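Have a look at the structure below, then the notes.
The values are calculated or read from the model by the stated rules, or taken from the named source; none is laboratory data. None of the values given here were measured: they were computed from a predicted structure. Neighbour counts are summed over all protein chains in view; Cβ atoms, including those assigned to glycine, are modelled from backbone coordinates with ideal geometry. Just so you know, the surface numbers come from the protein's heavy atoms only, side chains and all, with ligands and any DNA or RNA stripped out. Shrake-Rupley method; radii C 1.70, N 1.55, O 1.52, S 1.80 Å.
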Amino acid sequence: VARGDEEAAELRKTIRQAGSYTLDLTRAEKDDLDTHPDRVPELFRHAIEETLRRWFAVAADRLKPLGIPIYVSAGNDDEYYVDQVLDSDAYVQFPEDKIVELPGDYEMVSCGYASPTPFDSPRELPEDALEAHVSSLAERLRDSRRAVFNLHCPPHNTALDSAPQLTKDLRPIMRGGSMV
């Protein structure tokens, strides 16, 4: 293996561990995408689906022998096509809009939607609709006191509910060298 190949493999690993996707292209393929940007979403879709399947294989290999269940939900920025991939694995469970039985006589409800964001992501609902949706899931529980609420939208006024202020063109607002 050439040194360049090792460095490229390490870079791919670093990028993937940061939660991003990699795609190796020849110069001709890159030039073709530059002139046909409409082809880029399909490449991303393929990379996302491939990454999910790779993660599921790792989870099954490492965690299934230990009897550890895996639940994976889509988030507000995930396109709807990921649902099919998430729901297709034999080991990983896709809990969206379901009541899932957990050990210890607990139940879990899951909702990957969020309130509106500046990014206009695919799974956004106005606050009242999001509240109604989560409430309709909670109403299906046997005992909400023994439930896990797996919600993508962070609780209001918590440390999780923070993000930088953005301009209308989605750039972070900076003051004194720090993001506001």
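Give me a count of the residues in region 134-150 that are open to solvent by 70 Å² or more (accessible area, probe 1.4 Å) and either under 22 Å from residue 80 (Cα atoms) or in a loop (DSSP other than H, G, I, E, B) (or both).
Counting residues in region 134-150 that are open to solvent by 70 Å² or more (accessible area, probe 1.4 Å) and either under 22 Å from residue 80 (Cα atoms) or in a loop (DSSP other than H, G, I, E, B) (or both) gives 4.
Can you give me the number of residues within region 103-133 that are open to solvent by 30 Å² or more (accessible area, probe 1.4 Å) and part of a helix (DSSP H, G or I)?
Number of matching residues: 6.
For residue 77, which of the numbered conditions (1) at pLDDT 95 or above; (2) under 12 Å from the mean Cα position of the chain (by Cα); (3) open to solvent by 40 Å² or more (accessible area, probe 1.4 Å) fails to hold?
With respect to (1) at pLDDT 95 or above; (2) under 12 Å from the mean Cα position of the chain (by Cα); (3) open to solvent by 40 Å² or more (accessible area, probe 1.4 Å), residue 77 is out only on (1).
Just to be sure I understand the filter: pairs with C-beta atoms under 9 Å, separated by 6 or more residues or on different chains, first member in region 139-167 and farther than 20 Å from residue 77 by Cα, second member open to solvent by 80 Å² or more (accessible area, probe 1.4 Å) and acidic (Asp, Glu). Which pairs pass?
Matching pairs, first to second residue: 142/105; 143/105; 146/105.
Select from region 1-60 the residues that are more than 20 Å from residue 88 (Cα to Cα), polar (S, T, N, Q) and either open to solvent by less than 50 Å² (accessible area, probe 1.4 Å) or not in a helix (DSSP H, G or I) (or both) and list them in ascending order.
Selection gives 20, 22, 26.
Quick one: what pairs do we get from region 91-105, first residue within 25 Å of residue 53 (Cβ to Cβ), second acidic (Asp, Glu), C-beta under 8 Å, 6+ apart or different chains?
These pairs meet every condition: 94/83; 94/87; 96/83; 100/107.
Starting from region 53-82, take each residue that is touching a residue at least 40 places away in the same chain (Cβ under 8 Å) and list its partners that are in a loop (DSSP other than H, G, I, E, B) and open to solvent by 50 Å² or more (accessible area, probe 1.4 Å), counting only C-beta distances under 9 angstrom and pairs at least six apart or across chains.
Listed pairs, sorted by first residue: 73/152; 74/80; 74/152; 75/152; 76/119; 76/152; 77/119.
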